[in-house]
Structure formats: C-alpha cells, structure tokens
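What follows is a single structure, written as structure tokens, with notes after it.
Readers should treat all values here as calculations from the given coordinates under stated rules, not as data from a laboratory. All values derive from a computational prediction rather than experimental measurement. A quick note on method: Cβ atoms are made from the backbone with ideal geometry, for glycine too, and the neighbour counts reach across all protein chains shown.
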Amino acid sequence: MALSVPLSRFTSRVGGGSAFFVRHKYMGLDSVELVLAWEDSFGIQISDAEAERMFTTRQAAERIYEQLRSSGPEDSGCLSLRAFNKLRRAFVDEGVPRNAVRPDARVTHLLPSRQRRDALSVVCQRAGLEPPRRLPFGLQFTLGRVRDIVIDAVIGQHSSLRLAGHGWSLLQVREVVRAVMYAQLALRRFSDDAEFIKDLKID
C-alpha cells in the first residue's frame, strides 16, 4: 500500500492547532510526519497524488528526484561520508584522537564533561555545520553519538555537503530519504523495495 496523505495535512502549516487535530485524526501520524519531513528536508511539496503513488522507499526517492532533477552535472558523492570526515577533522582539531572518532562513538567519550555543549558547537562550526538543534529519538548531546550528528547534517544541512554548481543525484536523494526515515521512525536496515505499510508498518 502507498502512503495516504490528504490535502488537509498542509493546512497545519498555516491554520493553527485545529488543523493539526483534523490532519492527525484522519490519517496515521507516521505517514504525515514522514512526508512533511521529506518536504522540509528537500524544500519541496509532495502532492497527495504523488504521495499515493509512493509504495516503497525506491519510489519515494525516484519521485522526489524528478522534482529536484536539473540539466547540469550531478553530485553522486556520499553525503554521510562527507559529513563524517568533516566532523572527524574538527574533533581532531579539538584534541580528540583520530581513531576515537567513529560513527558509534558517544559525544560523552570524545569531549570533556564540562561545557560539552559549547565544545560540540565549536566542533560543528569547524566542520562547516550548524550545531544540531535536536538529535533523533529525543537524544540529548550527552547521550548522542557521532552518527546522530551526521544524520542531522544529511537531513538538514545537505547544502553544505553537496558540491557547488552540481545538482542532486538519485543516490543522494535516496540517502536523504532513508536518513529521514531513520530519524523519524528509527528504521535502520530495510530494503528500498519494502512496502511502507505492508512491510515497514508505517501507518
């Protein structure tokens, strides 16, 4: 089954709390938030008709890519790898051993306990990134991992990771689509061809 997203979901952006109630009363919260998160991340609008044709991650990525596709050269580099490399260099500049900076490393293990938030802000700035306003799943800086900061950058700061003068590639769109699904729904390992409702249980 495809994601079912009615037009009323858009009214919450301009209509206040009552529209929010109506939107969530008649459809699954997960599918609403997923589509809205894709829209926010890519700066696009996904129509009801488009959402209804999105049965799988592959189809979602392909339809979003069609909106973003340009006639110029495409950037097919890995956004998460770029973000991680930037962050690792920044942590090293803060005196953290290079081999200690790994995707699953906790921020608490890399930065001193005092003024950790300030130190993390400096690291992100050195990496050319904004400090994350929040981490997926409600994690705090004290519990977050390097992976969480990378995902936050891929979702919300991909413009600073992509090559200047290059357009989106399908590979990069897919990467952001999957990162949003991980952040919103805690989905980590899943096939691009798994159906949203039938296989991934997204209501």
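Assorted remarks:
- Region 68-101, residues that are under 25 Å from MET181 (Cβ atoms) and in contact with a strand residue (DSSP E or B) (Cβ under 9 Å, 6 or more places away or on another chain): LEU68, ARG69, SER70, GLU74, ASP75
- Check on PRO112, more than 17 Å from the chain's Cα centre (by Cα) and either surrounded by fewer than 20 Cβ atoms within 10 Å (Cβ to Cβ) or part of a loop (DSSP other than H, G, I, E, B) (or both): yes
- Where ALA60 falls short, out of the listed (1) more than 15 Å from the chain's Cα centre (by Cα); (2) surrounded by 15 or more Cβ atoms within 10 Å (Cβ to Cβ); (3) of a type in the set (A, V, I, L, M): (1)
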